[in-house]
Each structure stands twice: as structure tokens, then as C-alpha cells.
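The values are calculated or read from the model by the stated rules, or taken from the named source; none is laboratory data. Only a predicted model underlies this, so the values are computations on that prediction, with no experimental measurement involved. As a convention, Cβ positions derive from the backbone with ideal geometry for all residues, glycine included, and neighbour counts pool all protein chains shown.
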Amino acid sequence: MIDDVRALTRSFSRDEAYPAANVAKLVEARVLAAPFAPSLGGAGIALREAVEIIEAIAEACPGTALLATMPLGLAGGLASAPELAPPAHREATLAQLEAIAAEYRAGKIYAACNSEKGAGGSLAATRTIARRAAAGGFALTGEKILGSFGSHADVFFSTAKPTADELPGCGVVEFFLVPTRAGGVDILDDWNGFGMRGTESHTVRYQSAQPATPLGFPGFIETARPLEYWFCLFAAIPLGCALSMLRTLGSPAPASPALRLRLAEAQMRYEAARAYLLDSASRSRPGGDAAYRARVLRTKTFVSQEATRICADLFALGGGRHYVRGGRLSGAMADVFAGTALRPPLPLALDALVEAFSVSDW
Ligand SMILES: Cc1cc2nc3c(=O)[nH]c(=O)nc-3n(C[C@H](O)[C@H](O)[C@H](O)COP(=O)(O)OP(=O)(O)OC[C@H]3O[C@@H](n4cnc5c(N)ncnc54)[C@H](O)[C@@H]3O)c2cc1C
């Protein structure tokens with residue numbers, strides 16, 4: 001699939017509008033469904049290939065890559081849910097997986113709508129609540145920020161806090177599926193990103209939004225540990241920005257020996273960061289243990305930070321020709337900073353690294 005995606009991205013547009021045509025091409029080529037099994041319309045790809053796909057998309061259009069991570073990561077996290085589900089929930093989990101995969105085949109967009117103002121990317125600090133609705137299912141109440149796709153999404157998957165008596169076996173937070181056109185869902189039009197302009201990452205207000213359906217099985221997030229899948233995909237976005245800058249400045253190879261040296265240095269740093277990310281991605285297992293999760297935290301932190309630094313170094317070499325609004329280099333320069341802001345945001349990641357530092361299980 002990675003070769004098909006590379007070919008597809010050659011026709012991608014890259015401007016500040018929502019990239020409807022790019023997304024449609026990805027849907028049509030079933031890229032967003034690729035982690036599902038072939039019997040469900042996917043290609044059964046592993047995380048490593050999903051990372052390569054996001055990087056390739058990011059090189060062509062970082063905003064499209066950011067958008068793609070959300071449904072692609074959901075497919076990746078869900079694909080193994082039935083095998084991780086407790087026996088009592090296995091059948092229902094499989095039925096839900098099949099239904100969601102059918103929706104992907106029909107072109108529906110599942111988008112992440114989890115972040116909250118002041119939570120700093122911490123799931124535990126989620127304030128949105130899920131309560132049983134009289135009409136059946138659950139109703140969500142709370143405010144989300146940075147919900148990429150905005151009104152272009154069909155279904156949001158949103159973290160919310162249920163109660164153990166209403167959802168026995170639940171974790172502190174669970175994912176809930178909310179149709180974006182359901183009652184009680186208000187998608188604002190307030191995105192004014194520094195970069196990533198086309199992602200339409202708006203605020204979303206839930207006021208007893210229903211029907212909301214729990215995703216997977218009770219305890220899904222703590223058992224299946226799907227977040228690490230997204231973290232690896234998020235790291236691939238700034239990496240694609242760095243690659244885009246390297247290619248822009250390096251082809252044709254500049255005549256200046258000093259510039260060639262700087263580009264060669266950036267190329268080595270890029271290759272090292274990419275190798276680290278691909279290695280961590282290839283170690284991915286459903287329900288990853290603490291050692292794997294710590295590795296992913298280090299990887300996401302290192303790769304997003306290093307890619308941002310590479311981009312800053314390259315931009316400084318770009319000269320006046322590239323010092324223009326809307327240019328490829330300046331665009332990648334603004335877009336790359338989304339990498340350190342994406343979950344887990346850099347300050348939170350650094351706090352976690354310091355707190356959990358250990359080389360004993362390494
Ligand atoms: C372009 C872009 C697109 C995005 N798209 C999506 C999306 O589609 N869906 C989605 O759900 N999210 C999305 N996000 C959000 C992103 O993934 C992060 O989760 C979110 O940005 C982190 O929160 P923050 O930056 O608002 O942190 P801030 O609230 O600004 O906090 C910054 C730092 O303060 C500290 N902090 C503050 N409050 C707490 C707390 N309560 N506990 C612990 N530490 C705290 C932490 O160190 C934290 O890193 C997007 C972000 C960007 C930049």
C-alpha cells in the first residue's frame with residue numbers, strides 16, 4: 001500500500017483550505033481503512049507501514065496527514081479489539097468492528113474529538129461525562145477543542161467519563177462514538193491555526209449529545225492501549241515535514257559546499273529519527289506493556305522534537321526566496337510545530353519521562 005500512497009500523493013493539493021480532494025482520494029483507495037483485515041475491506045497493514053503512509057502523505061500535505069492519522073489510528077486500534085475483549089464482550093466487539101469497517105467502506109469519516117481546554121493532553125483530566133440516556137445508549141456533555149475535520153466528519157470518537165454502575169467494568173475514561181449530526185452536537189467555526197490551516201480543528205460542544213455508543217468493550221483504553229498507535233502516527237507528520245524541506249532545498253543539489261554539508265547533516269539526523277520511529281512502530285503489539293509504552297513516549301518525544309529542529313535549521317538556510325507566506329518551506333515550517341503539540345504534548349511528555357525514568361527494564 002505504501003507504493004500506492006506515494007503515487008497518490010503526487011496529485012495532492014497543498015493550500016490552506018480543507019483538503020477535500022486529498023481526503024476523497026485516500027478514502028477511495030481505502031488507505032484510511034488499511035489496518036482492517038482484507039475481509040473487512042482493509043489491507044491488514046501493521047503500524048510500521050501505517051507510519052510510512054503518514055510520512056508520505058505529510059511530505060505532500062502535512063494537514064492531510066494530520067487528518068488521516070485520526071481514522072487510520074482508530075482502524076489500527078480497533079482491528080485487534082475482538083481478540084482482546086473479555087469473552088462476554090467478544091461477539092459485540094466483533095459486530096461493532098464489522099459495522100465500523102462497513103462505514104469506512106461507505107466513505108464515512110471517523111474523527112478524533114478528545115482534547116479539552118486545560119487538560120494539557122491528559123486523558124485523566126477529561127471533564128466530559130457520559131450518562132445513560134432515557135432513549136437508550138449514552139449522552140455526552142462537555143466541551144472539546146481541536147476536533148480536526150470539524151463538520152466534514154461523520155462520526156466523532158470522543159473520550160468521556162462514564163460511571164461504573166452505568167457501564168460496569170469501565171475505565172476512568174472510555175471512547176464513545178457520536179454521529180456529528182446528532183442532537184446536542186455543536187461544531188463551532190473557530191479554528192485559526194498557526195499552521196495546519198486546512199485541518200479545521202474546531203471546538204465541539206456536547207450538550208447531552210446522543211446517541212453516543214461506547215467503543216470496543218468496557219476498559220477498552222486501558223486494555224487495548226490504542227493511544228500508542230496514534231503517537232507513532234503523530235510522530236510521522238513532523239518527519240514528513242522535514243523530508244519535504246530536505247527535498248525542496250536539496251534538489252537540485254546546491255553548488256555551495258557549506259550548504260551541501262548542512263543538508264547532509266540534516267539528512268543524517270532525519271534518517272536516524274526515521275529509523276528510531278520505524279523500529280518502535282515495528283515492535284507494536286495490541287495491549288502493549290509498560291516498557292513498550294515508555295519506548296513510544298520516548299520515540300514520539302524525540303522524533304517530533306528532532307524533526308522540528310531539523311526544519312528550523314533548514315529554514316534558516318532557505319534564504320529570501322523561501323521567506324514567503326504560503327511557500328512550501330514556510331508552510332512546512334509552521335506545520336511541523338503541530339508535531340510537538342500533538343498528544344502527548346511536549347511538556348506533558350517531558351514530565352512523564354522524568355517521572356518514569358528507568359533503565360532497568362530497557
Ligand atoms: C493542529 C492540531 C490538531 C489537533 N487535532 C486534534 C484532534 O483532531 N482531536 C483531538 O482530540 N485533539 C487534537 N489536537 C490536540 C492535541 O492532540 C493535544 O492533545 C492537545 O493539543 C494537548 O493539549 P494542549 O496543547 O491544549 O495543552 P495545554 O492545555 O496548552 O497544556 C500545555 C501543557 O500544560 C500542562 N498541563 C496543563 N494542564 C494539565 C493537566 N490538567 N494535567 C497535566 N498537565 C497539564 C502539560 O504539561 C501540557 O502539555 C490537535 C492539536 C493540534 C495542534
Residue list for segment 11-28, restricted to those being crowded, with 16+ Cβ neighbours inside 10 Å and either under 27 Å from residue 283 (Cβ atoms) or hydrophobic (A, V, I, L, M, F, W, C) (or both): 12, 23, 26, 27
Unmet criterion (only one of (1) away from the ligand (no atom under 16 Å from the Cβ); (2) surrounded by 15 or more Cβ atoms within 10 Å (Cβ to Cβ); (3) part of a helix (DSSP H, G or I)) for residue 94: (2)
Given the conditions (1) in contact with a strand residue (DSSP E or B) (Cβ under 8 Å, 6 or more places away or on another chain); (2) of a type in the set (A, V, I, L, M); (3) free of Cβ contacts under 8 Å to residues at least 40 places away in the same chain, which single one is not true for residue 221? (3)
What number of residues within segment 170-216 are of a type in the set (Phe, Trp, Tyr) and not in a loop (DSSP other than H, G, I, E, B)? 3
Have a look at 147, 107, 137 and point out the one that is away from the ligand (no atom under 11 Å from the Cβ) and modelled with pLDDT of 95 or more. 107
Strands (runs of 3 or more DSSP E) contained entirely in segment 125-168, each with at least 3 residues that are touching a residue at least 12 places away in the same chain (Cβ under 8 Å) and of a type in the set (Gly, Ala, Ser): 138-147
Residues of segment 97-117 classified as of a type in the set (Asp, Glu) and not in a helix (DSSP H, G or I), total: 1
Set 268, 333: member being away from the ligand (no atom under 16 Å from the Cβ), part of a helix (DSSP H, G or I) and over 17 Å from residue 54 (Cα atoms): 268
Yes or no: residue 48 under 20 Å from residue 240 (Cα atoms), touching a residue at least 60 places away in the same chain (Cβ under 8 Å) and out of contact with any Phe, Trp or Tyr (no Cβ under 7 Å at 6 or more places or on another chain)? yes
Can you find a residue that is on the phi > 0 side of the Ramachandran plot and touching a helix residue (DSSP H, G or I) at 6+ places or on another chain (Cβ under 6 Å) anywhere in segment 249-262? no
